[in-house]
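Student: I am attaching a structure below and will ask some questions about it afterwards.
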Amino acid sequence: MHIVRVATEDGPAWGAVEDGEVRRLPDGPFGSLEAAEAVGLLDDLTLLAPAAPTKIVCVGRNYAAHAAEHGADVPTQPLLFLKPPSSVIAPGAEIVLPELSSRVEHECELALVVGRRCRSVTENRAWEQVLGITCGNDVTARDLQRSDSQWTRGKGFDTFCPLGPWIVTGHGEEEVGRLEVSCTVNGVLRQKASTEQMVFPPAFLIAYISQVMTLEPGDVIMTGTPSGVGPLQPGDQVTVEVEGVGKLTNPVT
Ligand code: ZN
């Protein structure tokens with residue numbers, strides 16, 4: 001199932017996409033998932049970010065080749081950091097380059113959307129806590145990430161977390177462990193890898209994170225970026241693609 005969040009006259013609404021049409025999910029994405037009346041055609045509707053997280057938990061250096069391109073070691077345990085909910089933007093919304101930075105980069109990532117409140121789950125119960133997957137762009141002010149001793153500023157600007165275009169449900173744990181993740185800027189390929197190359201796989205990450213903090217429905221886990229990160233300039237169009245999900249495109253301003 002493809003779950004979308006769309007703008008309506010009555011505010012944001014959750015829906016399921018069926019044959020190009022969006023049908024309302026009256027219980028939202030965490031309920032029965034029984035679709036009701038039509039909201040409109042997918043092509044006519046404005047998509048919103050398909051999650052309203054209380055937190056975005058990110059994993060640094062989860063692909064060895066990306067750690068290597070920054071001269072960093074692969075961590076022996078997942079390296080966690082947070083992005084604020086205020087950084088989330090919709091598909092098609094502008095990534096705004098902040099004046100404080102002179103080097104903002106894209107990071108394409110497989111994003112997991114949590115479906116159930118959970119804490120201290122074991123790895124073999126971890127995947128059932130996930131509602132589905134989407135595309136994420138962990139936009140990063142690389143110069144500030146380097147100059148600060150931690151990453152709050154470098155990762156936390158408004159517009160630095162494009163998500164979407166929708167949540168896709170139904171992927172099994174094994175299937176999600178071998179999806180292609182890629183990034184293009186103005187149609188030119190910058191990053192491409194398989195989730196097989198992750199140092200710590202999704203279920204391990206969920207279990208690990210849930211030992212630290214309670215995960216809430218709608219929380220997002222960004223699973224790390226492959227090698228090939230690079231700068232964004234005003235006027236660029238950056239697209240993150242996750243196999244089996246689709247494309248998340250955002251203009252840069
Ligand atoms: Zn990242």
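Student: Which order do you get for Tyr63, Tyr208 if you rank them by accessible area with a 1.4 Å probe, largest at the top?
Tutor: Tyr208, Tyr63
Student: What ranking do 238-244, 64-70 get when scored by the average of other Cβ atoms within 10 Å per residue, highest first?
Tutor: 238-244, 64-70
Student: Once phi is turned into θ = phi - 60°, what whole-Hz ³J(HN,Hα) does the Karplus curve with 6.51, -1.76 and 1.60 give for every residue of the range 239-253, x standing for Gly and Pro?
Tutor: Once θ is set to phi - 60°, the couplings for the range 239-253 become 10, 9, 10, 10, 3, x, 10, x, 10, 10, 10, 9, x, 10, 9 Hz.
Student: Hey, another quick one. If R₀ is 22 angstrom, what is the calculated FRET efficiency for the pair Ser86 and Thr46, using the beta carbon separation as r and rounding to 0.05?
Tutor: 0.65
Student: In addition: Using modelled backbone amide H atoms (1.01 Å from N, in-plane), which distant-in-sequence or interchain residues come within less than 5 Å of Thr8's amide H?
Tutor: Ala13
Student: How large is the helix-only mean residue ellipticity at 222 nm for the chain, computed as the sum of -39500 (n - 2.57) over DSSP H runs with n ≥ 4, divided by its residue count, in deg cm²/dmol to the nearest 500?
Tutor: Computed mean residue ellipticity for the chain: -3000 deg cm²/dmol.
Student: Residue by residue, what Karplus-based ³J(HN,Hα) values in Hz, rounded to whole numbers, does the range 80-85 have, using 6.51, -1.76 and 1.60 with θ = phi - 60° and x for Gly and Pro?
Tutor: 9, 8, 10, 10, x, x
Student: Going by Cβ distance under 4.7 Å, what cysteines of the chain have no possible disulfide partner?
Tutor: Cys58, Cys118, Cys135, Cys161, each lacking another Cys Cβ under 4.7 Å.
Student: OK, next. At 0.36 nm per residue, and after removing the present C-alpha to C-alpha distance, how many nm does the segment from Thr214 to Glu9 gain when stretched out fully?
Tutor: 70.4 nm
Student: How high is the relative contact order of the range 112-253, in percent, counting Cα pairs under 8 Å that sit 6 or more residues apart?
Tutor: 33 percent
Student: Let me ask something else about it. Using Cα-Cα distances under 8 Å and only pairs 6 or more residues apart, what relative contact order does the chain have, in percent?
Tutor: 26 percent
Student: Turning to a different aspect of this structure: Over the chain, with every protein chain in place, what whole percent of the accessible area is carbon and sulfur at 1.4 Å, could you tell me?
Tutor: 47 percent
Student: Please say if the range 204-251 is rounded, prolate or oblate, where rounded means a/c under 1.5 for a ≥ b ≥ c the square roots of the C-alpha gyration tensor eigenvalues, and otherwise the choice is prolate for a/b larger than b/c and oblate otherwise?
Tutor: Here the range 204-251 falls in the prolate category.
Student: With a cut-off of 17 Å, note down the residues of the range 54-89 whose backbone N falls inside the zone around a label point 7 Å from the Cα of Glu196 toward its beta carbon.
Tutor: Under 17 Å, as judged by backbone N against the label point of Glu196, lie 63-65 of the range 54-89.
Student: Residue-wise, which Karplus ³J(HN,Hα) couplings in Hz belong to the range 108-120, taking 6.51 cos²θ - 1.76 cosθ + 1.60, θ = phi - 60°, and x for glycine or proline?
Tutor: Coupling constants for the range 108-120: 6, 8, 6, 10, 9, 10, 5, x, 9, 5, 8, 8, 6 Hz.
Student: State in Å² the accessible area per residue of the range 69-222; use a 1.4 Å probe, count heavy atoms of protein chains only, and round to the nearest integer.
Tutor: So the range 69-222 comes to 43 Å² accessible per residue, rounded to a whole number.
Student: Here is a further query. Any idea how far the Cα center of the range 13-31 sits from the one of the range 148-183, in Å?
Tutor: So the two Cα centres are separated by 22 Å.
Student: Can I ask one more? Among the lysines, which have Cα under 20 Å from the Cα of Lys83 when same-chain residues fewer than 8 positions away are ignored?
Tutor: Lys55, Lys155
The values are calculated or read from the model by the stated rules, or taken from the named source; none is laboratory data. These numbers come from a predicted model, not from an experiment. Neighbour counts run over all protein chains shown; Cβ positions are idealised from the backbone, glycine included. These accessible areas exclude ligands, DNA and RNA; they are computed on the full protein's heavy atoms, side chains included. Shrake-Rupley method; radii C 1.70, N 1.55, O 1.52, S 1.80 Å.
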